[in-house]
Structures are given as C-alpha cells and as structure tokens.
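In what follows, a structure is listed as structure tokens, so that the remarks can point back to it.
The values are calculated or read from the model by the stated rules, or taken from the named source; none is laboratory data. Note that the structure is a prediction, hence the values are computed from the model and not measured. FYI the Cβ positions are ideal-geometry reconstructions off the backbone, even for glycines, and counts take in every protein chain you see.
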Amino acid sequence: MRFNFTAFAALNGAMAVIGGAFAAHGLEPVADVQRIGWLKTASEYQMVHALAILANETLPGPRFASASFATGIVFFAGALYGLALQGPLWLGAVAPIGGMAFITGWLALAVFARKERP
C-alpha cells in the first residue's frame with residue numbers, strides 16, 4: 001500500500017492553519033516573543049511544504065520529493081512546535097534535520113525538472 005501524500009498534505013495544511021491561529025490568538029497572551037515566533041515559523045514552513053507536496057503529487061513529480069517534504073514537516077515544524085509548547089530543548093537539534101529534508105526535496109524537484117524538460 002502506497003503512502004497517501006495528498007491526504008498527508010491536506011491534514012498538514014489544516015494543522016498549519018491551526019498552528020498559526022494558536023500563535024496569533026492562543027499563545028500571544030501568555031508566551032514570550034521567541035515561542036510565538038517558533039510557532040509562526042513552524043506553521044509557515046508546514047503550510048508551504050504541504051502545498052509543495054500537493055503540487056508535486058498533482059504534476060506528478062518524484063515521490064522522493066514528497067517524502068522529503070513530509071520528513072521536513074515532521075522534523076522541522078515538529079521540533080519548532082515542540083519548542084514553542086515548552087518541549088525539551090534538545091528539539092532544537094532536530095530542526096536542522098528537517099531543514100535538510102526540505103532542501104533535499106527542492107533539489108530533487110530541480111533534478112527531475114531538468115531531466116524532464118531539457
């Protein structure tokens with residue numbers, strides 16, 4: 001059974017909206033600027049990459065790119081959400097793994113596009 005990246009992307013789009021709303025309305029009265037910033041950054045990157053997965057699955061591009069974007073969402077956005085919600089500080093070391101996954105996904109799309117459209 002193949003992983004359903006479209007459903008994953010749709011759920012992450014919804015979660016990104018929830019995260020952004022929570023940053024703007026839920027945490028603002030009780031959290032410091034750094035925690036709110038982490039939450040906003042996490043929701044922005046989550047939304048951008050959820051949309052990237054949807055576009056990649058629609059075009060279609062390489063599934064490896066979708067997998068890389070999904071990995072980035074879990075590790076990058078997940079780590080920032082955890083930090084914003086007072087999770088352990090070691091989560092800060094997890095975020096770069098997600099960032100590298102995002103970069104890998106975009107590079108995979110570039111290589112695919114170059115091979116498909118010389």
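Every condition in (1) surrounded by fewer than 18 Cβ atoms within 10 Å (Cβ to Cβ); (2) within 23 Å of PHE5 (Cβ to Cβ) is met by ALA50 except one, and the failing one is (1). For segment 29-37, indicate whether the set of residues that are crowded, with 19+ Cβ neighbours inside 10 Å and not β-branched (Val, Ile, Thr) is non-empty. No, segment 29-37 contains no residue that is crowded, with 19+ Cβ neighbours inside 10 Å and not β-branched (Val, Ile, Thr). Among the residues of segment 5-13, are any in a helix (DSSP H, G or I), touching a Lys or Arg at 6+ places or on another chain (Cβ under 9 Å), aromatic (Phe, Trp, Tyr) and under 27 Å from VAL111 (Cβ atoms)? Within segment 5-13 (the criterion being in a helix (DSSP H, G or I), touching a Lys or Arg at 6+ places or on another chain (Cβ under 9 Å), aromatic (Phe, Trp, Tyr) and under 27 Å from VAL111 (Cβ atoms)), the answer is yes, since at least one residue qualifies.
In this structure, does ALA21 turn out to be farther than 13 Å from LEU80 by Cβ, outside any loop (DSSP other than H, G, I, E, B), at pLDDT below 95 and not charged (D, E, K, R)? Answer is yes for this residue. Filter segment 54-95 down to residues that are crowded, with 22+ Cβ neighbours inside 10 Å and not hydrophobic (A, V, I, L, M, F, W, C) and give me whichever is nearest to LEU27 (Cα to Cα). Once the filter is applied, the top-ranked residue is GLY72. Tell me, please, whether a residue that is on the phi < 0 side of the Ramachandran plot, outside any helix (DSSP H, G or I) and touching a residue at least 24 places away in the same chain (Cβ under 8 Å) can be found in segment 50-72. Within segment 50-72 (the criterion being on the phi < 0 side of the Ramachandran plot, outside any helix (DSSP H, G or I) and touching a residue at least 24 places away in the same chain (Cβ under 8 Å)), the answer is yes, since at least one residue qualifies.
Scanning segment 1-37 for residues that are over 25 Å from SER68 (Cβ atoms) and among the β-branched types (Val, Ile, Thr) gives VAL30, VAL33, ILE36.
Each residue in segment 24-41 was checked for being assigned to a loop (DSSP other than H, G, I, E, B) and closer than 20 Å to GLY99 by Cβ, and 0 pass.
Pairing residues of segment 1-18 that are in contact (Cβ under 8 Å) with a residue 12 or more places away in the chain with residues that are surrounded by fewer than 17 Cβ atoms within 10 Å (Cβ to Cβ), at Cβ distances under 8 Å and at least 6 apart in sequence or on separate chains, gives PHE5/ARG63; ALA9/LEU51; GLY13/LEU51; ALA16/GLU44.
If the condition is being farther than 20 Å from ASN4 by Cα and not small (Gly, Ala, Ser), then segment 61-86 contributes PHE76, LEU80, TYR81, LEU83, LEU85, GLN86.
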